[in-house]
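Data first, discussion second: the structure below is written as structure tokens.
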Amino acid sequence: SKRRLIYRQIAELLEQKQIELGRRAKFWLQAGEPIRAREAFVASARQYCHMHAYREAAQAAQQALEIWKKGEQEIERLSVLEQLAYCTQVSGQVHDSIMALRELAESAVIQQDTQRLAEVQRSLAVAYGLQSTWLQYKTSRRLAAEAFIAAGMPGEAAKEWLALANRYVNDLEPQHALEAIETAIALTQHAGCEDIQARALGVKGYILSMQGKIEEAQQAVNAGINLALAGNHKEAAADVYRRLAGVYEYASQFDASIRAYETALNFCQTNGIS
């Protein structure tokens, strides 16, 4: 009891002198004051995150969560868990980020908020991609798309289907890729997202060229280029030009492919696109 009293006195002194939050938290913990320790750890995590010291922020957030019971001030606890997921991901601790995101996805509070659930699943997909665990990546992309639809955000759902289609392309699964990109295109038409629709048309053309349907592929890509240019969506246009070059490559029309790549490069240089 005497030791705890001394720790409390030290913690109070550090608080008066505004000494570093992490040190205060440790003394509050040793003084038998877990709530005050937790508050100091949370404040420390936010301070470190603001300074872009993500590894230190993650460590402070983890220390706060270790002494935080589930269900106690659950909204705030989940907010700290989200911060932990972000800080661990950007500091390269991908496994820890996935564990935090999976806990968020399983939370009853998050599941009732479909937009928040969609964003968690999107972050999970990114984390799985960093680990090259592509099966889980595709599952999370699909779950994110479904949650965005439930939240009434078809444009965001289209982005997930577009990412999923690109993954199927990389996995050389053109039929699954085509189904995903058709879904993305339908959603962009509903949401009025011309830039995403243009990119999706470019991907559709590339997928069709993989299947040997060169004429259909060129029609889809040209439609994407026209849509992007008409709406002045410069980055989308550059992306679709690159897809056109890929279509010509699959058709073994290498001179046309080189010209398409040159057009894409010139377009990027003219419009200041990196």
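The values are calculated or read from the model by the stated rules, or taken from the named source; none is laboratory data. Every value quoted in this text rests on a predicted model; they were computed, and no experiment measured them. For neighbour counting, all protein chains shown are included, and Cβ atoms are generated from backbone atoms with ideal geometry for every residue, glycine included. The accessibility values were calculated without ligands, DNA or RNA, using every heavy atom of the protein model including side chains. Shrake-Rupley method; radii C 1.70, N 1.55, O 1.52, S 1.80 Å.
To the nearest 10 square angstrom, what accessible area does residue 128 show with a 1.4 Å probe?
20 Å²
Amide H to amide H, which residues 5 or more places from residue 211 or on other chains are under 5 Å from it, using H placed in the peptide plane?
Those lying under 5 Å, H to H, from residue 211: there are none.
Which value, in Å² rounded to 10, gives the accessible area of residue 239 with a 1.4 Å probe and all protein chains present?
30 Å²
Residue 69: which lysines have alpha carbons under 20 Å from its alpha carbon, excluding same-chain residues fewer than 8 sequence positions away?
26
Sequence-distant or interchain residues sharing an amide H contact under 5 Å with residue 73, placed H: which?
Distant-sequence amide H within range of residue 73: zero hits.
Rank these by accessible area, largest first, 1.4 Å probe: 68, 134.
Descending order: 134, 68.
What share of Cα pairs, in percent, lie more than 23 angstrom apart in the range 131-272?
34 percent
With all protein chains present and a 1.4 Å probe, how do 51, 99, 153 order by accessible area, largest first? Can you show the working numbers first?
On the way: 51 115, 99 95, 153 50 Å².
The residues order as 51, 99, 153, largest area first.
Hey, what's the chain come to in accessible area per residue, 1.4 Å probe, Å²?
52 Å²
Could you look at the chain and say what percent of its accessible area is carbon and sulfur, using a 1.4 Å probe and all protein chains? Provide the component values of the computation, followed by the final result.
Working: 7010 of 14340 Å².
Here carbon and sulfur together make up 49 percent of the probe-accessible area.
Provide the net charge surrounding residue 71, with neighbours chosen by a C-beta distance below 15 Å and charges set as Lys +1, Arg +1, Asp -1, Glu -1.
Values: positive: 38, 69, 70, 77; negative: 72, 74, 76, 103, 106.
Charge balance near residue 71 sits at -1.
For the range 148-154, take each phi angle, set θ = phi - 60°, evaluate the Karplus expression 6.51 cos²θ - 1.76 cosθ + 1.60, and give the result in whole Hz per residue in order, putting x for glycine and proline.
Once rounded to whole Hz, the list reads 5, 4, 4, 7, x, 10, x.
In debye to the nearest 20, how big a dipole does the range 65-181 give about its Cα centre with +1 on each Lys and Arg Cβ and -1 on each Asp and Glu Cβ? Intermediate values should be presented prior to the final figure.
On the way: 11 positive and 16 negative charges, 37 e Å.
Once rounded to the nearest 20, the dipole reads 180 debye.
Top mean-square fluctuation among 207, 258, 225, Gaussian network model of the chain, C-alpha springs under 10 Å?
It is 258.
Would you kindly calculate the mean projected area, averaged across all directions, of the convex hull enclosing the Cα atoms of the chain, in square nanometres?
On the way: hull surface 70.0 nm².
Approximately 17.5 nm², given one-decimal rounding.
Given a 1.4 Å probe and heavy atoms of the protein chains only, how would you sort 1, 91, largest accessible area at the top? Display every interim value, and only then the final one.
Details: 1 130, 91 25 Å².
Result of the area sort, largest leading: 1, 91.
With N set to the number of residues, divide the alpha-carbon radius of gyration of the range 73-167 by 2.2 N^0.38 Å and report two decimals.
Numbers: Rg = 12.7 Å, N = 95, 2.2 N^0.38 = 12.4 Å.
Rg over 2.2 N^0.38 Å, computed on Cα atoms: 1.02.
Only helical DSSP H runs with n ≥ 4 go in: add -39500 (n - 2.57) per run for the chain, normalise by residue count and round the 222 nm mean residue ellipticity to 500 deg cm²/dmol. Could you put the intermediate results ahead of the total?
Working: 15 runs with 229 residues, N = 274.
Mean residue ellipticity, 222 nm, calculated: -27500 deg cm²/dmol.
Across the range 223-234, in residue order, what do the Karplus-derived ³J(HN,Hα) couplings come to in whole Hz, using 6.51 cos²θ - 1.76 cosθ + 1.60 with θ = phi - 60° and x for Gly and Pro?
The phi angles translate into 4, x, 4, 4, 5, 5, 5, 4, x, 6, 8, 5 Hz.
Taking the mean number of other Cβ atoms within 10 Å as a proxy for protection, how do you rank 39-45, 74-80 from highest to lowest? Mind showing how you got there, number by number?
Working: 39-45: 23.1, 74-80: 15.7.
Descending mean neighbour count gives 39-45, 74-80.
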